[in-house]
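Encoded as structure tokens, the structure appears first; notes follow it.
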Amino acid sequence: MSAPKSQQYSIMIGLGLGAAAGIAAKAWASNSDGAKRLVESFSTYVAHPIGQVFLRLLFFVVVPLVFASLAAGVARLGNLSKLGRIGGRTLAFFALTSSCAAVIGIVGMNLVEPGVGFDSATRDELMADFSTDAASVKAASQAQRLPTPIARVNQVLDMFVPRNILGAISKMEMLPLIVFALLFGAALTVLPRDRRDGMALWLDSLADAMVVIVGFAMKLAPMAVFCLVFVVTSRFGWELLAKLSAYMAVVLIGYLIQVLGVYPVLLRWLSGRRPIEFFRKAMPIMVTAFSTSSSNATLPTSMRLTHTELGVRESVCGFVLPLGATMNMNGTALFEGAVVLFIAQIFGVELTIGQQILVVGLCVLTSIGAAGVPGGSLPLLMIVMAQVGVPPDGLALVLGVDRLLDMGRTVVNVLGDVVCATFIENSERKAEARQA
Ligand code: ASP
């Protein structure tokens, strides 16, 4: 089921109009207190709920969709050795693209050094303005740091194999769900063929029904995307943008290098695809990622279009995309590397080459653990900062513009998964041609 072209255009129009209306509303609100209150009320009571209904409809389907498509994808691979081969390639691809992205973020910040000589009055002002937001991120970050080594080991175990799978799912923790779905699919492959096929059919129907629900949600999409983007842009001040413009420019150029430099090379070299055609077909996926700032919320759209528009078979989409939405966040790794360096520069913390290499590793690891929701990477980012002696509270400096950068990094995150799916499809086709 592919989204009609007219719907895709309406979503893009919603995006453009939402951004323009938000910026205009922000400018108008600065004229008087009455105008400011009106814009805030519209944003809070109209735009926010409409956007949230759309987002939540997408979140509704994520758990059943990830479970059904991943388990059916694995069951349909037929045997565990094939699972090992595809799984190994997928994880290697994730590691390669995430490390490359983190290096781009760090090198960019080293070359431009936007934090060196940052005005100290502006720094103190930003720290004061966003310290409350930073405190709540810090609380979430501290909840993840435990005092004893055994508690920390148990924490890592809980991330993948908790005692209670339903408890983990109810908190939308995707890694345990993925492990469970992979095990379930792998277990099906050793059952007698008729029973395996019966269950795979049932899982397919479950996944298809979720996709139908996404179809309902997509009817709301143009209006909802307008609202989501309006809420972000109407809150934005040009002053804040101007103060942090060099930092934002480095991060955004980093995203562009990953999307227009790294991905096209991989698409040509590993997937045998024409990049321009790929991006044209992937456009609705990019728009959804941009407007929702959530890899999880984009998953239903990317599952549908990677199959129907990009011709990747369902079992590969079902395996690579849910895994990628949780584990492969290239944009997040790039952003994390850049932020750590930027804040270090502002506070005059010198990071050695060794420490910067450690930052690359930590960015890759924490991007795996980050939740695919708006701002999902921020608590883990504070842990990376603390690890290399950069003050975690410094995150307050960039929180004001984070939602904008989050929109961009989610596009990079999701595209990385789709590029990986085309690579796996290509390598499977080659393997089948060799066998034939
Ligand atoms: N919003 C990002 C995503 O869902 C996660 C993050 O970097 O905050 O992919």
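All of the numbers you see were taken from the coordinates with simple rules; none came from a lab. Keep in mind it's a predicted model, so treat the numbers as computed, not measured. Neighbour counts run over all protein chains shown; Cβ positions are idealised from the backbone, glycine included.
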| Backbone HN-Hα couplings from phi across the stretch 109-117 [Karplus 6.51/-1.76/1.60, Hz, Gly and Pro as x] | 5, 5, 6, 8, 6, x, x, 6, x
| remark: So the pair-distance distribution of the chain, from every Cα-Cα distance in 20 Å bins, comes to percents of 25, 58, 17, 1
| Distribution of pairwise C-alpha distances over the stretch 94-240, 10 Å bins, in % | 8, 15, 26, 29, 16, 5, 1, 0
| field | Cα extents of the stretch 347-427 along the three principal axes, largest first (Å) | value | 47, 30, 18
| remark: Computed over the stretch 122-209, the Cα gyration tensor eigenvalues, each multiplied by 5 and square-rooted, give semi-axes in Å (largest first) of 42, 19, 9
| Just how far, in whole angstrom, is the stretch 90-157 from the stretch 354-391 if you go by their alpha carbon centroids? | 4
| query | When only alpha-carbon atoms count, how far does the stretch 266-310 stretch along each of its three principal axes, as whole angstroms with the largest first? | reply | 30, 18, 16
| field | Cα convex hull of the stretch 283-413 - mean projected area over all directions, nm² | value | 7.8
| message | Counting other beta carbons within 10 Å of each residue's own, what order do TYR263, TYR45 fall into, fewest first? | response | TYR45, TYR263
| query | Rounded to the nearest 20 Debye, what is the dipole magnitude of the chain about its Cα centre when Lys and Arg each give +1 and Asp and Glu each give -1 at the C-beta? | reply | 1260
| request: Please name whichever of TYR9, VAL401, GLN435 sits farthest to the positive end of the charge dipole of the chain, dipole taken about the Cα centre and charges placed at Cβ: Lys and Arg +1, Asp and Glu -1. | output: GLN435
| Where Lys and Arg each count +1 and Asp and Glu each count -1, what net charge lies around ILE285 among other residues with Cβ under 12 Å from its Cβ? | +1
| field | Tensor-based shape of the stretch 179-255 (alpha-carbon gyration tensor, a/c under 1.5 rounded, otherwise prolate or oblate) | value | oblate
| query | Restricting attention to the alpha-carbon atoms of the stretch 214-320, what are Rg (one decimal) and Dmax (integer), both in Å? | reply | 16.5, 48
| note | Toy charge model, Lys and Arg Cβ at +1, Asp and Glu Cβ at -1: the stretch 1-152 dipole around Cα centroid in debye, rounded to 20, equals 1000
| remark: Computed from the beta carbon distance with a Förster radius of 30 Å, FRET efficiency for VAL156 and ASN110 to the nearest 0.05 stands at 0.45
| request: Send over the semi-axes of the stretch 304-355's equivalent ellipsoid, whole angstrom and largest first, taken as the square roots of 5 times the C-alpha gyration tensor eigenvalues. | output: 39, 10, 7
| note | Of the candidates LEU80, SER141, ALA121, the farthest towards the positive dipole end of the stretch 51-148 (Lys/Arg Cβ +1, Asp/Glu Cβ -1, centred on the Cα centre) is LEU80
| Electrostatic dipole magnitude of the stretch 270-410 [Cβ: Lys, Arg +1; Asp, Glu -1; Cα centre; debye, to 20] | 560
| task | For every other residue with a beta carbon closer than 10 angstrom to the beta carbon of THR332, add +1 if it is Lys or Arg and -1 if Asp or Glu, then tell me the sum. | result | -1
| note | Violations at 23 Å Cα threshold for listed pairs LYS82/LYS430; LYS138/LYS171; LYS26/LYS219; LYS26/LYS243 -> LYS26/LYS219
| query | Calculated from DSSP H runs of 4 or more alone, at -39500 (n - 2.57) each and per residue, what is the 222 nm mean residue ellipticity of the chain, nearest 500? | reply | -26500 deg cm²/dmol
| If we count every other residue with Cβ under 14 angstrom of SER43's Cβ, Lys/Arg +1 and Asp/Glu -1, where does the sum land? | +4
| note | For the pair ALA121 and LEU80, the simple spin-label estimate (label points 7 Å beyond Cα toward Cβ) gives in nm 6.8
| request: Place a label point 7 angstrom from the Cα of ILE253 along the Cα-to-Cβ direction, then list the residues of the stretch 329-350 whose backbone nitrogen is under 20 Å away. | output: 331-346
| task | Calculate one ³J(HN,Hα) per residue across the stretch 250-259 by plugging θ = phi - 60° into the Karplus curve 6.51 cos²θ - 1.76 cosθ + 1.60, and present them in order as whole Hz with x for glycine and proline. | result | 4, 5, 5, 5, x, 4, 5, 4, 5, 6
| Projected label distance in nm at SER136 and LEU220, using a 7 Å step from Cα toward the beta-carbon | 2.2
